Amino acid sequence: MTAGTKQSSYIDHSIPQLVAELRSDAVIGSQGHAEIDGALRAKCAILLADAIDKHQKAATSLSNRLFWLNIILGIFTVIGACLG
C-alpha cells in the first residue's frame, strides 16, 4: 500500500455480505458506497482470476494427456502397418 491509503474494512466480507451492504447504503456516490463497491469489484476480480487459473491448469493437463494419447496411437498405427 502507498502512504496515505488505508485498507478497507470490507476486505474480509463475502460477496453476498458486500451486496447486502451495498443495497443498505442508500447514498450512491458516498464514500462508504464507493468503498463497498470497490471491495465488491475486487472480490469478483479475484474470484474470476482464480477460476481462469483453475480452468487453464485443467486445460493444460488435458492437452498433455491428448498429446501422449496421439503419440501412443501413432506408435500403434506404425506397428499395425508393419504387421499388416
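The values are calculated or read from the model by the stated rules, or taken from the named source; none is laboratory data. Model, not experiment: these values are computed from the prediction. Ideal geometry is used to build each Cβ from the backbone, glycine not excepted, and the neighbour counts take in all protein chains shown.
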Notebook entry, point to check: Only one of these conditions is not met by Ser30: (1) hydroxyl-bearing (Ser, Thr, Tyr); (2) at pLDDT below 90; (3) more than 19 Å from Ser9 (Cβ to Cβ). Which number is it?
Noted result: (3)
Checklist line | Of residues in the stretch 33-84 being more than 21 Å from the chain's Cα centre (by Cα) and among the charged types (D, E, K, R), the one nearest to Ser8 (Cα to Cα) | finding: Glu35
